[in-house]
Every structure is written in structure tokens, then in C-alpha cells.
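Asks: Before we start, here is the structure in question, set down as C-alpha cells.
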Amino acid sequence: MDHFDWVIISKGGRSTVSGYLNGSCVEVTHENAEENFMKSTLSAWRKIAVCNLLINRTGLSQVRRVILVLSGKGGVGKSTITTELALAFLHAGKKVGILDVDLCGPSIPRMLRVCRPDVHQCDSGWVPVYADAQQNLALMSIGFLLEHPDEAVVWRGPKKTALIGQFVSDVAWGELDILLVDTPPGTSDEHLAVLENLRKHRVDGAVLVTTPQAVSTGDVRREITFCKKLGVRILGLIENMSGFVCPHCSECSNIFSKGGGEELAKLTGSEFLGSVPLDPQLTQSLEEGTDFLQAFPESATFSSINTIANTLLSRIQDD
Amino acid sequence: MADVPNNAPQHCPGTTSDQAGQTSACQGCPNQNICASGATKAPDPAIEEIKVKLATVKHKILVLSGKGGVGKSTFSAHLAHALASDETKEVALLDVDICGPSIPKMMGLEGEQVHQSGSGWSPVYVEDNLAVMSIGFLLSSPDDAVIWRGPKKNGMIKQFLRDVDWGELDFLIVDTPPGTSDEHLSIVQYLGEARIDGAVIITTPQEVSLQDVRKEIGFCQKVKLPIIGVVENMSGFVCPKCKNTSQIFPPTTGGAERMCEELNLPLLGKVPLDPRIGRSCDEGKSFLSEVPDSPAAIAYGNIVQRIKDYCASHVSISGDNSD
Ligand SMILES: Nc1ncnc2c1ncn2[C@@H]1O[C@H](COP(=O)(O)OP(=O)(O)OP(=O)(O)O)[C@@H](O)[C@H]1O
Ligand SMILES: Nc1ncnc2c1ncn2[C@@H]1O[C@H](COP(=O)(O)OP(=O)(O)O)[C@@H](O)[C@H]1O
Ligand SMILES: [Mg+2]
Ligand SMILES: [Mg+2]
Ligand SMILES: [Zn+2]
Ligand SMILES: [Zn+2]
């Protein structure tokens with residue numbers, strides 16, 4: 001079995017995961033597969049264990065709140081905001097999960113610096129990967145399923161839809177206070193798939209991210225229509241990359257203009273949650289996968305993220 | 001790969017393979033009959049029609065990036081303006097970003113509508129020699145969302161290539177959404193016979209962006225799409241007050257330069273972050289004519305020249321080589 005890239009362990013029933021793994025797979029079905037597998041000494045394998053998914057698909061049943069992070073526009077900071085909100089919630093003592101449904105450009109593993117783990121296994125589905133030792137920040141991303149980080153996921157819609165279906169129902173999140181869902185830009189397959197599947201459980205609302213310029217707010221306007229059409233409550237709008245303070249002379253430049261997010265919130269009757277400055281230290285933290293909120297508690301960026309996180313927390317707790 | 005349906009068994013040979021419907025894995029697959037009939041192996045007849053339609057287009061260039069918001073549309077728009085500044089050249093810009101079309105706004109054409117003519121849809125003209133087509137021209141309000149799954153987007157792209165009255169063109173530039181999915185597969189597939197000169201890949205300097213761009217390069221290699229080169233956008237910001245440069249999106253892993261060395265690709269140039277570019281885009285003006293002597297405009301100029309040189313050495317009038 002050494003020459004297989006992945007070993008899939010199932011306790012019965014056929015797993016569907018192999019269809020998404022690149023490289024050769026061997027599937028082992030055995031009642032005590034898990035224990036045998038854990039005891040085995042062939043630790044150099046690429047391992048993934050999928051147990052009998054039919055036994056208890058608990059998935060989202062112990063997840064209290066589900067929030068989507070959306071934007072019609074690319075590169076506006078959806079993954080950034082997802083990551084920072086998750087860390088802010090974590091620091092507020094919550095158990096948090098991130099589901100990354102950006103299949104072609106997953107950023108979450110890098111932003112939280114979680115390498116591809118060796119094993120995901122458990123009784124009730126795919127086990128999320130934990131970003132912290134206390135297991136209070138759980139992640140699932142296609143990034144964990146790729147053999148090589150540069151591998152392109154060249155899939156058309158139906159295949160993306162199928163994997164997202166599994167991401168939503170077959171990940172054993174366990175108990176979570178909040179699950180954040182990071183999405184790719186647009187209003188297409190991924191968005192429809194994730195909503196369709198989450199709906200069966202719950203969706204508390206969406207946070208929309210935009211940058212200030214018209215090119216971006218124009219796309220986010222369309223995303224708002226998407227939310228309205230699909231009956232997703234808009235928790236609020238965040239303006240990201242709102243002004244850059246020169247570290248040399250403190251002059252503030254509005255590189256991507258200013259105020260577009262607030263204007264759009266007014267125009268569409270959505271709540272404005274706040275603006276996050278364009279901060280190179282934030283970019284740097286995300287590049288390194290370090291916790292910006294712990295490293296720069298004095299910064300204006302910290303306080304704006306923190307305020308937004310607190311507003312959101314009180315909003316969803318009121319429900 | 002793309003031709004494996006999601007309900008197919010694990011070892012599906014792919015619907016377009018010679019073995020489709022015939023391997024042992026196909027037993028029990030709901031698609032077995034249709035695969036075995038050979039219907040899935042036949043290429044879409046539109047590919048041939050598009051080849052004929054675009055026989056009068058000399059050069060076709062795709063603008064791609066795995067990452068969103070890196071400036072694909074901005075670059076496409078300025079490439080189109082720059083090429084069309086030569087009045088003897090006919091240029092067209094096609095926007096296949098179906099869910100987030102930015103081109104109408106950037107070209108100052110918001111609110112314009114497409115007209116039907118005898119020979120198909122007529123594009124919208126910015127100047128006599130610069131034609132534009134985007135789904136934005138088919139929407140009735142800026143709030144209209146295009147909530148479409150893949151197949152419908154693919155149908156739209158097919159129509160853009162086959163049913164638009166492009167006429168004789170020197171350059172057709174195609175702006176794409178981020179990623180490696182339906183739109184990208186479709187444009188490459190539909191232009192398969194008409195031939196594409198190559199792709200220009202846009203990235204920003206930080207690793208979060210480069211990691212997605214490497215995937216896009218992998219995509220190009222997978223589908224055998226030549227890469228003209230890479231443009232690094234938003235590389236450094238010069239403070240208008242103190243003139244110091246800040247790396248807002250720091251090249252923590254060496255930026256596009258290192259990536260190009262590693263992957264053996266030409267780096268076409270670097271365009272700095274300049275707030276006036278964003279403003280020009282929002283106002284639908286060409287930054288190149290607004291601030292022609294700025295470092296960013298000069299960088300654009302050099303990059304465009306390299307693309308022109310590439311095209312000149314790759315004369316690829318479609319159809320020339322195949323019969
Ligand atoms: N060099 C630059 N300096 C300043 N602003 C820039 C620069 N390049 C692009 N921009 C601005 O950045 C924003 C994003 O650019 P653009 O819309 O072209 O990206 P895109 O890659 O097409 O995004 P999407 O993935 O959503 O299609 C635009 O507002 C644009 O004006
Ligand atoms: N407020 C900010 N200040 C500085 N850099 C930012 C900020 N927000 C996002 N970025 C950077 O911009 C890039 C794009 O953000 P990302 O979250 O990946 O966007 P998306 O998920 O919408 O594609 C990342 O490199 C990120 O670090
Ligand atoms: Mg992202
Ligand atoms: Mg674009
Ligand atoms: Zn300064
Ligand atoms: Zn088949």
C-alpha cells in the first residue's frame with residue numbers, strides 16, 4: 001500500500017471522498033479499520049480516514065450560528081475578514097469554525113498557517129482541522145485535500161456543487177458557537193450550493209465585504225440582490241481597505257477611494273458595520289499566518305475589527 | 001478533470017475518453033448508456049462555428065489570474081485603450097466575467113445596451129476602432145444579479161463568441177473572472193480551434209495572491225494555453241506627500257519576480273499602486289490619457305509593447321494552419 005498517495009478507511013459503505021483526491025487511492029473497509037489504522041506503523045502515508053458516513057451524520061447539529069462572508073467582487077478581503085472575525089470571536093471565548101468554500105482559491109489554510117494535516121478521521125465524517133491546540137478554531141478547506149499547494153482545481157459547477165454538499169453535511173464540526181463561511185466572489189455555483197445545503201440546518205445571515213471604489217461597490221450591489229432573492233438576511237456591510245496611513249509621514253491616502261461602503265449601505269438600506277483601514281501590517285500577518293489581533297492590539301485596524309466583531313456578536317445573540 | 005460527471009464512479013475514464021461507457025468502472029454508472037453511444041465524445045459544433053466567425057480576428061489574448069481583485073479588468077481595459085491608440089488597428093474587448101462585469105464601468109459605458117443587427121449582436125463602441133461586449137450591457141439595472149450556474153454561463157460565453165458581430169479585428173482581448181472553472185474552461189474550449197495567442201497573467205506581490213496565480217499557471221499548462229507573461233500589479237505605493245515607497249502588498253516570497261524565475265516565465269513588468277488608476281476606472285476614463293507621464297502609465301506602455309512584440313512574432317490568423 002506504500003505506493004498509494006492516499007489511504008481511505010471506511011467502516012462500511014463506500015466513501016465518496018476519493019473522487020476529489022488527486023493521486024492514487026486505496027480504500028480499506030473494515031469494522032475496526034480505524035484502530036488498526038492508527039496502530040499501523042506506516043505513518044509516512046498520506047492518510048485520510050472516512051468512517052461510515054451513514055451512522056451519524058451530525059454535521060451541523062451542534063452549530064449554533066452560521067454566518068456567510070460574501071462579496072460580489074474578488075480580492076476585497078473576504079478571507080481576511082473571515083480570518084480576523086474568527087480570531088476575534090475566539091479571543092472572546094467562543095468556539096469557532098471556518099468553512100472555506102472557495103474551491104479554486106482557498107486562502108484560509110495559509111492565513112491561519114495550518115499545513116496539510118496527515119489524518120482526518122472520526123466516527124461521524126470528515127474531521128475539521130484545528131488551528132489551535134485547544135481545538136476551539138476548526139477549519140475545513142479544499143486546501144487540505146490537495147496533494148500540492150499549487151495544484152489547480154479545474155472543475156465545472158456540478159463537481160463544485162457536489163463537494164460543497166459534502167463539506168456542509170459531512171464535516172463533523174462538533175459543538176460550535178459560530179461557523180463562518182468564506183466564499184469565492186460572485187453569485188454562482190458555490191453560493192447556490194452552500195446556501196441550498198446550509199438551509200437544511202440554519203443560516204443566520206451574511207456579512208458583505210466591499211472596498212470603497214465604485215468598481216467594487218457595483219458588484220456588491222448585485223450581491224445584495226442575490227441575498228434578497230434568496231432570502232438571506234444581511235447582517236451588515238464592511239468597507240475594507242479604506243485609507244492608508246503613510247508610515248513615514250502619517251499622511252492618509254485613499255488608495256481605493258473612500259466612503260463607498262457606507263454609501264452603498266445607505267442606498268440599499270443595510271447596516272454599515274464599519275471600515276477597516278488598508279494596513280500593510282495586516283497583510284504581513286496574513287502572509288505569515290500570525291495572529292494580527294494579538295500582535296497589534298494598539299492599532300486602529302485592531303479596534304475597527306474588534307468593534308465589528310462585537311457588533312456582530314451582539315446582533316446574533318439577540319436572536 | 002472536467003469531463004467526469006459528479007455522479008460518476010471513482011474510476012470513470014471521463015466522458016470524452018475513447019473508453020467512455022466501456023470500462024469496468026462504467027458498470028452501473030447512470031451515464032453509461034449515453035457515454036457508450038459516443039454522443040459525449042463529439043465536440044460541440046459551436047467550436048467550428050466560432051473558428052469560422054473569428055477567422056478575421058488576428059490576435060486573441062486572454063487576461064487571467066487565479067486571484068480576485070488583482071487588476072485583471074483594469075489591465076484589460078488599459079491594454080485595449082493602448083492598442084486602440086493606433087488608429088490603424090481594430091480592437092475589441094470581451095468581458096466574460098458573468099457575475100461581476102466591471103468592463104462597462106471602466107470603459108465609461110454604463111447603461112449602454114447591445115443592439116441586434118442582421119449579423120448578430122453588435123458590440124458597443126468606445127471609439128471607432130474599439131468595440132466592447134459584456135453581460136453588463138444585457139442587464140436592465142445596476143442591481144441586477146446574474147445568479148447562474150455554470151452551464152448557463154457557458155452558454156452566454158458561447159453566444160459572445162459566436163453571435164456577436166465582431167467584424168475584422170487586429171486584437172480581441174478577453175477579460176475573465178478569477179479562478180479556474182467554467183468560464184475559463186469554456187473560453188479555452190470554444191476558442192480551441194480559433195487559436196489563442198496566449199494569456200497575460202496578473203498578480204499582486206503577496207503570497208496570498210501568488211498561491212492562487214500558480215494554480216492559474218497550472219491551469220494554462222493543463223489546457224496547453226501559452227503564457228505571454230506575468231504582470232505584477234499594485235507593486236508599491238509612493239506617498240504623494242513624502243515620496244517614500246510603501247509595500248502595501250509586500251512580496252514576502254519574492255513577488256512575481258521570484259515566481260517567474262521559478263516557473264521560467266517572462267515578467268512583463270510591474271505597475272505601482274496609484275490611486276489615480278482607481279479613480280480613472282470609477283470614472284470610466286483611460287488612466288493612460290489622464291496622467292500619461294506617471295510611472296504607472298509608463299509601466300503600462302512598456303508592458304503593452306512587449307505584448308505587441310509577442311503577437312507580432314506569433315502571427316496566428318485562425319484557420320491558417322489547420323487546412
Ligand atoms: N495599479 C493600481 N493602482 C491602484 N489601483 C488599482 C491598480 N490596479 C487596479 N486598481 C484598482 O483595483 C481595483 C480592482 O481591480 P480590477 O477590478 O481590475 O480587478 P479584477 O482582477 O478584475 O477583479 P475581479 O477578480 O473581481 O474581476 C479597481 O478598483 C482598480 O481600479
Ligand atoms: N485592510 C487590509 N489592509 C491590508 N491588506 C489587506 C486588507 N484586507 C485585505 N488585505 C490583503 O488583500 C489581499 C486580498 O484579500 P483576501 O482576503 O484574500 O480577498 P478575497 O478573499 O476577497 O479574495 C490579501 O493579501 C490580504 O492580506
Ligand atoms: Mg478569499
Ligand atoms: Mg474583473
Ligand atoms: Zn508619506
Ligand atoms: Zn461514464
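Asks: What fraction of the DSSP beta bridges in the protein assembly as shown is antiparallel, stated in percent and rounded to the nearest 5?
Replies: Of those bridges, close to 15 percent are antiparallel.
Asks: Counting only heavy atoms of the protein chains, get the accessible area per residue of the stretch A:63-317 (1.4 Å probe) and round it to a whole Å² value.
Replies: On a per-residue basis, 31 Å².
Asks: So the label point goes 7 Å from the Cα of residue B:52 along Cα→C-beta, right? Which residues of the stretch B:82-124 then have their backbone N under 20 Å from it?
Replies: B:117-122
Asks: Tell me which residues come under 5 Å, amide H to amide H, from residue A:272 once H is placed; ignore anything under 5 positions away on its chain.
Replies: A:237
Asks: Now a separate question. Work out, step by step, the length gained on full extension between residue B:88 and residue B:258: first 0.36 nm times the residue separation, then minus their alpha carbon distance; give nm to one decimal.
Replies: 57.4 nm
Asks: At residue A:62 and residue B:128, where each label point lies 7 Å from the Cα along Cα→Cβ, what is the point-to-point distance in nanometres?
Replies: 7.3 nm
Asks: A follow-up question, please. Using amide H atoms built 1.01 Å from N in the peptide plane, name the residues 5+ places from residue B:90, or on other chains, whose amide H lies under 5 Å from its own.
Replies: Amide H neighbours of residue B:90, under 5 Å, 5+ apart: B:170, B:171.
Asks: Distance from a point 7 Å along Cα→Cβ of residue A:196 to each backbone N in the stretch B:120-156: keep the residues under 18 Å and list them by number.
Replies: Residues B:146-155 fall inside that zone.
Asks: For the stretch A:241-315, what number results from the quotient of the Cα radius of gyration and 2.2 N^0.38 Å?
Replies: 1.21
Asks: OK, next. Please say if chain B is rounded, prolate or oblate, where rounded means a/c under 1.5 for a ≥ b ≥ c the square roots of the C-alpha gyration tensor eigenvalues, and otherwise the choice is prolate for a/b larger than b/c and oblate otherwise?
Replies: prolate
Asks: I've got another one for you. Run the numbers for residue B:289 and residue B:243: contour at 0.36 nm per residue of separation, minus the present Cα-Cα distance, in nm.
Replies: 14.3 nm
Asks: Checking an interface number: how much accessible area is buried between B and A, summed over both chains, with a 1.4 Å probe, in Å² rounded to 100?
Replies: 5200 Å²
Asks: For the stretch A:63-317, list log₁₀ I(q)/I(0) at each q in 0.07, 0.15, 0.16 Å⁻¹, using the Debye formula over Cα point scatterers of equal strength and ignoring solvent, two decimals each.
Replies: -0.22, -1.07, -1.23
Asks: A further question follows. Could you run the Karplus curve 6.51 cos²θ - 1.76 cosθ + 1.60 with θ = phi - 60° over the stretch A:86-98 and give me ³J(HN,Hα) per residue in whole Hz, x for Gly and Pro?
Replies: 4, 5, 5, 5, 4, 5, 7, x, 8, 8, 10, x, 10
Asks: So who's got an amide H within less than 5 Å of the one on residue A:65, skipping anything under 5 residues away but keeping other chains? H placed 1.01 Å off N, in plane.
Replies: A:178, A:179
Asks: Determine the shielding of peptide A:104-111 by partner chains: average, over its residues, the number of Cβ atoms on other chains within 10 angstrom of each Cβ.
Replies: If you average over the peptide's residues, the count of other-chain Cβ atoms is 5.
Asks: Another question, if that's okay. How large is the Rg to Rh ratio of the protein assembly as shown when both quantities use alpha carbon positions and Rh follows Kirkwood?
Replies: On the way: Rg = 24.5 Å, Rh = 25.5 Å.
Rounded to two decimals, Rg/Rh equals 0.96.
Asks: Could you grab the Rg to Rh ratio for the stretch A:133-202? Cα atoms only, Kirkwood for Rh.
Replies: Details: Rg = 13.2 Å, Rh = 13.6 Å.
Value, to two decimals: 0.97.
The values are calculated or read from the model by the stated rules, or taken from the named source; none is laboratory data. As the structure is a prediction and not an experimental result, all values here were calculated from the model. Positions of Cβ are backbone-derived with ideal geometry, glycine not excepted, and every protein chain shown enters the neighbour counts. Only protein heavy atoms, including side chains, enter the accessible area calculation; ligands, DNA and RNA are left aside. Shrake-Rupley method; radii C 1.70, N 1.55, O 1.52, S 1.80 Å.
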